[in-house]
1. Can you tell me which residues in segment 160-177 are open to solvent by less than 30 Å² (accessible area, probe 1.4 Å) and more than 23 Å from residue 280 (Cβ to Cβ)?
2. Look through segment 326-337, keep the residues that are among the hydrophobic types (A, V, I, L, M, F, W, C) and in contact with a helix residue (DSSP H, G or I) (Cβ under 9 Å, 6 or more places away or on another chain), and return whichever of them is most open to solvent (accessible area, probe 1.4 Å).
3. Yes or no: residue 215 more than 18 Å from the chain's Cα centre (by Cα) and within 16 Å of ligand 1 (Cβ to nearest atom)?
4. For a quick check of your reading of the model, give me the residue pairs whose first member lies in segment 43-64 and is within 15 Å of ligand 2 (Cβ to nearest atom), whose second is among the charged types (D, E, K, R), with beta-carbon atoms closer than 7 Å and at least 6 apart or on different chains.
5. Go through segment 1-71 and tell me which strands (runs of 3 or more DSSP E), entirely inside it, have 3 or more residues that are over 21 Å from the mean Cα position of the chain (by Cα) and more than 13 Å from residue 138 (Cβ to Cβ).
6. Of the numbered conditions (1) under 25 Å from residue 67 (Cβ atoms); (2) within 16 Å of ligand 2 (Cβ to nearest atom); (3) part of a loop (DSSP other than H, G, I, E, B), residue 135 satisfies every one except a single condition; which is it?
7. Is it fair to say residue 148 is surrounded by 16 or more Cβ atoms within 10 Å (Cβ to Cβ), of a type in the set (Ser, Thr, Tyr) and either more than 12 Å from ligand 1 (Cβ to nearest atom) or within 21 Å of residue 238 (Cα to Cα) (or both)?
8. Could you please find all residues in segment 113-131 being more than 21 Å from the chain's Cα centre (by Cα) and open to solvent by less than 20 Å² (accessible area, probe 1.4 Å)?
Amino acid sequence: MKTKCLTIRDVAEAAGIIASGGLLGIPTETVYGLGANGLDEKAVHAIFEAKGRPQDNPLILHVPGEEWLERYCQDIPAVAYELTDRFWPGPLTMILRRKDNVPDAVTAGLDTVGMRCPDCTVTRAVIEKADVPVAAPSGNASGRPSPTTAAAMLEDMDGKIDAILDDGPCAVGVESTIIDLTVQPPRLLRPGGVTLEELEEVLGDVAVDDAVRRLMAPGEQPKAPGMKYRHYAPKAPVTVVKGDPDMTAGYIVARMGEKSGILCFDEFRGYFRGHPVETMGPVSDQAEQAREIFEALRAFDHLDVTDIWAQSPDDEGIGLAVTNRLNKAAGFHIIEL
Ligand code: AMP
Ligand code: MG
């Protein structure tokens, strides 16, 4: 299959691909997604196929607004609308009880479904025009870092999808926050662009799922099937070093091997001369770190490195999302100074 590159002027063609059961790369404010008609079981299966994604890892349904929630969800708590009022369109996915019209292929057989309204005008226009919810996981091959540009998505998906809609680089850079509203207190399943602190302002008490901060033990059952899988990983093994940035830089300099790649803050690039270095923005700019983290991890696959050392941001605000992706990329191989 030849993958076509579409622009934001091609809404009708993009919607036609969705409506006719095809696969479409969609831009969002978080990362590029691999979209298909979320009511078409066959199209949804094709997503899993193209990604090489395990069938027990559910997908998120993307809708153009909160008015669509009742079409696919039941027992919607009032607090869901407080969240949509404040954060939609935006990087927040809510887990709600599904209606029977949502195919098992989307939810991996769960009685819940993840719902999100992306803050991307062209993608909402495509969904409105197709008049079906778009099921989409991130547009990477399963296990790899998520794509934050159309070019990164094509690295993994060229020839496997009908088209990609290019709307430039993603503004947030890490996937949506996932909050489960079917349990009390609501549970954070994945940190993302909407921060834990912001959720607590609306919800009060929020439980943070264990899988956010640590590796699942073998045989342990996570709340959502997808949480057990290896994720975001470049080909070379990653070691994360946590602590004061001056200390972590010094620690890495003392231990790096001849072919070690380094992922560091902008200010520390000079410490690692002679090594392949990728930067993730200044120490104090967490939003920039979120935008850079996946491109930086992907870049190492094009460099001749045997292993990767990474400085770690702290986990305040969107830093919780960045450290979560980085720690997962490292298989939670973390050194705390
Ligand atoms: P991705 O877009 O690739 O990050 O994948 C979607 C994420 O949403 C995965 O981590 C899924 O496990 C999660 N997800 C989707 N639907 C549900 C659900 N009903 N319950 C819990 N997690 C879900
Ligand atoms: Mg993903």
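The values are calculated or read from the model by the stated rules, or taken from the named source; none is laboratory data. No experiment lies behind these values; they were computed from the predicted model shown. Please note: Cβ atoms are built from the backbone with ideal geometry, for glycine as well, and neighbour counts cover all protein chains shown. The protein model used for the area step is the full one, side chains on, heavy atoms only, and it has no ligands, DNA or RNA in it. Shrake-Rupley method; radii C 1.70, N 1.55, O 1.52, S 1.80 Å.
1. Of everything in segment 160-177, those that are open to solvent by less than 30 Å² (accessible area, probe 1.4 Å) and more than 23 Å from residue 280 (Cβ to Cβ) turn out to be 161, 163, 164, 165.
2. Within segment 326-337, the first condition is being among the hydrophobic types (A, V, I, L, M, F, W, C), and the residues that meet it are 326, 329-330, 332, 334-335, 337.
Right, trim to in contact with a helix residue (DSSP H, G or I) (Cβ under 9 Å, 6 or more places away or on another chain) and you get 326, 329, 334-335, 337.
Values: 326: 0, 329: 8, 334: 53, 335: 42, 337: 87 Å².
Only one residue fits best here, namely 337.
3. no
4. Partner pairs satisfying both residue conditions: 50/160; 60/116; 62/116.
5. On the way: elements: 4-6, 24-26, 33-37, 60-62.
Result: 4-6.
6. (3)
7. yes
8. Step one: of segment 113-131, the residues more than 21 Å from the chain's Cα centre (by Cα) are 125, 128-131.
Result: 130, single match.
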